[in-house]
């Protein structure tokens, strides 16, 4: 299974409410026939597409084919796959021109432009596409598999952010828009360096997800770096190795 397109060679099934087929020329609209795929239908996904949603967001749609028959079924929303599409990787994004300081793959740290980084696009907990650094993707998927083997499920909510994206989140935070948490000014967020991810930890430091991460994340190169943000983890292999040696999972302990 390719790292950059993990939906290939996998089987999914339609959720309890079924799936309405989408019009190929406008994925936000249903087909004229309004045909739906019944709940439980097993499908393979051969292609994905993105369609603008609210603000800078994008929704993901999937081209479904039957598992036990020939011929395509049509385009559906990945939300109809009852959460199975979370953590699925969609594509690899190659670095842009070296001088493209504000492009989609431009990394920043502490106000300085670092250069271009290869990225992997991945579906987050809200079925929206996000990006993480290529080196982070391998470690994250390995950590995810280990957690699932232990009966723990989680999914990232945020990963790499371009300069314009960070500017948007910072502006929403400064304006006090509901649903937007603290976000550093553009150029200064760890999310722009390609190593930071946010993982929702229901229950905070007392929940099962956080408990698993605290006991295992450093083995995969991740550690917590923000004292007030239990959901914020960064891929820092050297520092994680040091933390592991002293029985810690935080950068400051």
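Here are a few things to note about the model shown:
- Two-site FRET efficiency, residue 13 against residue 138, from Cβ-Cβ distance with R₀ of 22 Å, rounded to 0.05: 0.20
- Inter-label distance for residue 173 and residue 94, nm, one decimal - labels placed 7 Å from Cα along Cα-to-Cβ: 3.4
- Relative contact order of the chain, defined on C-alpha pairs under 8 angstrom at six or more residues apart (%): 13
- Taking the longest Cα principal axis of the chain as reference, the axis of helix 163-174 is set at about 80 degrees.
- The radius of gyration of the Cα set in the stretch 12-81, together with its Dmax, comes out at 11.7, 39 angstrom.
- Modelled label reach - residue 152, point 7 Å along Cα→Cβ, the stretch 189-231 residues with backbone N closer than 12 Å: 201-202, 205-220
- In the chain, the calculated helix contribution to ellipticity at 222 nm averages -5500 deg cm²/dmol per residue, counting -39,500 (n - 2.57) for every DSSP H run with n ≥ 4.
- Highest to lowest packing among 223-232, 77-86, 19-28, 238-247, scored as the average C-beta count within 10 Å: 77-86, 223-232, 19-28, 238-247
- Crossing angle, helix 134-149 versus the chain [Cα axis fit, 0-90 degrees, rounded to tens]: 80
A short reminder: the numbers here are calculations on the coordinates, not readings from a lab. Nothing here was measured: the structure is a model prediction, and the numbers come from that model. Cβ atoms come from the backbone with ideal geometry, glycine included; neighbour counts cover every protein chain shown.
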